[in-house]
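Only the coordinates and a few stated rules stand behind these numbers; no lab work does. Keep in mind it's a predicted model, so treat the numbers as computed, not measured. Positions of Cβ are backbone-derived with ideal geometry, glycine not excepted, and every protein chain shown enters the neighbour counts.
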Amino acid sequence: MNKHIEHCKVTAIVSCAALEKVEQRLQQMGVSGITVAHVMGYGEYSDFYSRDRNTRHARIETFTDTEKAEGIVQAIMDAAHSGETGDGIVAVLPVSHFYRIRDRSEVVLNDDTQE
Amino acid sequence: MNKHIEHCKVTAIVSCAALEKVEQRLQQMGVSGITVAHVMGYGEYSDFYSRDRNTRHARIETFTDTEKAEGIVQAIMDAAHSGETGDGIVAVLPVSHFYRIRDRSEVVLNDDTQE
Amino acid sequence: MNKHIEHCKVTAIVSCAALEKVEQRLQQMGVSGITVAHVMGYGEYSDFYSRDRNTRHARIETFTDTEKAEGIVQAIMDAAHSGETGDGIVAVLPVSHFYRIRDRSEVVLNDDTQE
């Protein structure tokens, strides 16, 4: 068992217009924790030339088992897709170790024991 | 020497109530740089059903030598643990390359030289 | 072809004073999407002892082909370097998978096709 590939972080940059829809979709899937932060950007994320600082995007992040990442990515793309520039991106990053503070212990695959 | 495993990023999502305690602990340990951002969330991070947007969490991030990561993780968990839902999570992500802008150079293990 | 090393995330923590210069440099290089968020910090990022919460830094993030990362890192360091404490850091993190929501598809090297 390679603990280094068990978890990953899914980061999505989506338009603020799509944020609520994405959140609802993830909740319906039972995704157990997401964080949301508002960010400014340009290029893939918004209109480069207008540089309208009020055209904000939202960054959604969640940590998940690697095997669930693909489903989460597809759900985000389904919910956030409009076909227009500014739809944003989704990235999956490897996570070496993952811990739940309430349990004060590292989370390993199929291990829900608490100390 | 594999430079690709020398550094990592420690990301913690903690309750705002625990933030100051975590910061103090990290400073006492001599952690040389952290960033803090306030985020919204649900699930592991806050009460899903209330969706109280004012129940914010804080994201703490620091880049560190991989060998120091475990100690930092334990310090964050000690400082942020209450045993309740919403205590948050800690994740360690691999970093391929790490640079200090002041030195304009990549930081390699045991290398504190400046250009 | 190993898809797991094709993309990476470049994260920079720079002083707010340097932010606009860094953004301009990245735009000139044709970097196709960045996000900016304001963060608080200490240590490498700001003056630890003053703990001036108004001394904010900016976090700049962009996802890129791995082969372009080194050029982006150098451009950020050139634009953000003052030689003083608080110049900040740049880190490159591996990305396992990268998707454009507009295309609803994973981005692979030299693959600009849309569904």
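To the nearest whole number, what is the average tally of beta carbon atoms from other chains within 10 Å of the beta carbons of peptide C:71-83?
3
What does the structure give for C:28-38 when I average, per residue, the other chain Cβ atoms found within 10 Å of the residue Cβ?
That works out to 6 on average.
Could you rank the peptides C:90-97, A:30-37 by their average count of other C-beta atoms within 10 Å per residue, with the highest value first?
Going from most to least packed, we get C:90-97, A:30-37.
How far is A:C16 from itself in the other copies, in nm, if each label sits 7 Å out from Cα along the Cα-Cβ line, shortest first?
Label-point distances to the other copies, shortest first: 1.9, 1.9 nm.
I need the inter-copy label distances for B:H38: point set 7 Å along Cα to C-beta, values in nm with one decimal, smallest first.
Counterpart label points of B:H38 in the remaining copies fall at 1.2, 1.2 nm.
Of the cross-linked pairs A:K9/C:K21; B:K21/C:K21; A:K21/B:K68; A:K68/C:K21; A:K68/C:K9, which ones have a Cα-Cα span greater than 32 Å in the structure shown?
Going by Cα-Cα distance, B:K21/C:K21; A:K21/B:K68; A:K68/C:K21 fall outside the 32 Å limit.
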